[in-house]
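See below for the structure under consideration.
No lab work stands behind these numbers, since they all come straight from the coordinates. Since this is a predicted model, take the numbers as computed values, not measurements. Every residue, glycine among them, receives a Cβ derived from its backbone with ideal geometry; neighbour counts consider all protein chains shown.
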């Protein structure tokens with residue numbers, strides 16, 4: 001009798017636990033769709049380096065025009081660093097970039113794409129990149145576009161090649177952008193001076209653009225003449241007079257942000273694009289707002305938000321002053 005009582009009691013306890021935990025009927029919470037992804041791997045043997053990651057990206061067809069050690073300038077300028085390794089790098093597939101810009105010129109805002117690479121206190125190497133969803137939302141490209149999907153898969157292949165024992169982290173962020181693209185766009189009518197060429201026009205604009213930003217502390221670590229480096233190679237010469245992109249960065253921005261949000265480097269350096277189509281008399285420009293950083297990785301601290309917004313306002317003021 002005692003044995004039967006014990007079995008009944010055990011069954012009752014088990015049923016009570018199921019009821020309390022709600023495992024029998026409670027619906028699973030929907031998975032949050034992230035715009036940023038972090039691939040991580042244990043690195044006790046030190047085999048994974050910023051250079052080996054660069055080589056892995058290059059091996060799958062993603063060239064890396066810049067892979068910058070941020071700790072060197074951080075230690076010189078701010079007298080401290082937050083990570084043993086912290087790099088900001090740029091990467092690009094010319095073929096996929098061509099296919100995407102041909103359909104969606106606004107993909108210039110992600111030309112090239114960017115990533116942050118850092119070693120955390122536990123000795124893990126981490127790489128932060130944008131997800132397909134992040135790229136699609138920010139540029140208003142359909143998330144199922146085959147070339148965008150191919151880009152996302154190529155990034156994943158590069159990460160797994162770089163860190164075969166790695167995995168994607170489960171991120172706890174809940175993006176607050178509500179699906180908004182969060183772009184900063186400009187346009188201006190193109191008026192040529194007497195005897196001036198279109199080449200003169202864009203060269204004058206870019207000279208003034210660089211001349212205003214650099215004294216304000218901005219760095220321009222990469223410049224891509226998309227027309228010459230990608231379009232001309234594909235024989236795509238009859239659509240644009242020019243299509244250029246700049247990578248823009250500022251130490252006073254990325255240093256405070258990286259302290260708590262190293263993964264925000266998936267958005268940095270930001271890409272600024274400018275182009276003019278042959279059949280239009282307008283130059284169009286744009287970049288992705290810093291609100292992308294803030295809303296996708298849940299940045300809430302004043303020390304990070306203020307320099308981000310200040311930098312964006314400066315860039316906007318410079319562009320508006322040139323085109324007015």
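Given an 8 Å cut-off on Cα distances and at least 6 residues of separation, report the relative contact order of region 258-324 as a percent.
About 23 percent, as a whole number.
Could you state the number of Å between the C-alpha centres of region 85-109 and region 115-154?
Distance between centres, Cα-based: 11 Å.
Describe numerically, in nm with one decimal, the distance between label points set 7 Å from Cα along Cα→Cβ at residue 95 and at residue 277.
2.7 nm
For residue 84 and residue 228, what does the FRET efficiency come to when R0 = 45 Å and r is the distance between their Cβ atoms, rounded to the nearest 0.05?
The calculated FRET efficiency here is 0.70.
Taking only DSSP H segments of four or more residues, each worth -39500 (n - 2.57), what value at 222 nm results for the chain once the sum is divided by all its residues, to the nearest 500 deg cm²/dmol?
Result for the chain, helices only: -12500 deg cm²/dmol.
Mind giving me the nanometre distance, one decimal, between the label points for residue 169 and residue 207, set 7 Å out from Cα along Cα→Cβ?
Modelled inter-label distance: 4.6 nm.
Relative to the longest principal axis of the C-alpha atoms of the chain, give the angle of the C-alpha long axis of helix 146-162, reported between 0 and 90° and rounded to the nearest 10°.
Once rounded, the angle reads 70 degrees.
Kindly express, to the nearest 10 degrees and within the range 0 to 90, the angle between helix 2-21's C-alpha long axis and the longest C-alpha principal axis of the chain.
20 degrees
Using Cα springs under 10 Å in a Gaussian network model of the chain, which residue among 146, 262, 221 shows the largest mean-square fluctuation?
In the Gaussian network model the winner is 146.
What does the extension gain come out to for residue 33 and residue 52, with contour length at 0.36 nm per residue minus their alpha carbon separation?
3.9 nm
Once R0 is set to 22 Å, what does the formula 1/(1 + (r/R0)^6) return for the Cβ-Cβ distance between residue 316 and residue 191, expressed as a FRET efficiency to the nearest 0.05?
Efficiency, rounded to the nearest 0.05: 0.50.
At residue 44 and residue 200, where each label point lies 7 Å from the Cα along Cα→Cβ, what is the point-to-point distance in nanometres?
Rounded to a tenth, the inter-label distance reads 6.7 nm.
Which of 283, 115, 90 ends up with the largest GNM mean-square fluctuation for the chain, with Cα atoms connected below 10 Å?
Most flexible of the set in this elastic network: 283.
Using a 10 angstrom cutoff on alpha carbons, build the Gaussian network for the chain and name the most mobile of 197, 50, 81.
With Cα springs under 10 Å in the chain, the top fluctuation among 197, 50, 81 is at 197.
Below 8 Å between Cα atoms, with a sequence gap of 6+, how large is the relative contact order for region 180-324 in percent?
Relative contact order here is 29 percent.
In whole percent, what relative contact order does region 36-323 give with Cα contacts below 8 Å and a gap of six or more residues?
Averaging sequence separation for qualifying contacts and normalising by length gives 23 percent for region 36-323.
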